[in-house]
Amino acid sequence: MIETLSNALDWLSASLVVVLMVPLALTFWRMVRGPGYADRFIAIDMLTGIAVAIAALTAGTTGRREFLDVAFGIALISFVATCALAAFLERKGSRR
């Protein structure tokens with residue numbers, strides 16, 4: 001019973017990683033075609049969110065906790081970068 005559940009979770013995690021490739025591709029396209037800096041940075045922020053999800057699913061599939069550390073690191077860097085860009089855009093907007 002436990003082995004069957006483990007196989008089902010492995011299959012589900014692998015298929016969810018494949019499903020996450022669709023928003024990954026669409027977000028990458030938005031980053032390339034974005035009309036402004038804010039649009040491109042939001043796309044990069046979403047790409048990092050998808051990368052965190054893929055790392056978490058990989059941790060579940062492989063059973064290695066190191067992937068959760070990678071996901072945490074990506075999320076932390078993304079948060080700091082988002083705060084930095086918000087401060088940059090705020091200063092840039094006040095100069096006009």
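The values are calculated or read from the model by the stated rules, or taken from the named source; none is laboratory data. Only a predicted model underlies this, so the values are computations on that prediction, with no experimental measurement involved. Don't worry about glycine lacking a Cβ; one is built from the backbone with ideal geometry, like all the others, and counts go over all protein chains shown.
Key figures
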quantity: Filter pass, THR48 being more than 11 Å from the chain's Cα centre (by Cα), surrounded by 13 or more Cβ atoms within 10 Å (Cβ to Cβ) and hydroxyl-bearing (Ser, Thr, Tyr); calculated: no
quantity: Failed item in (1) outside any helix (DSSP H, G or I); (2) closer than 21 Å to THR27 by Cα, with ARG64 passing the rest; calculated: (2)
quantity: Pairs, first over 15 Å from MET46 (Cβ atoms) and polar (S, T, N, Q) in the stretch 10-24, second modelled with pLDDT under 90 and surrounded by 15 or more Cβ atoms within 10 Å (Cβ to Cβ), C-beta under 8 Å, six or more apart; calculated: SER13/GLY60; SER13/THR61
quantity: Residue check, PHE72 in a helix (DSSP H, G or I), modelled with pLDDT of 95 or more and closer than 27 Å to VAL18 by Cα; calculated: yes
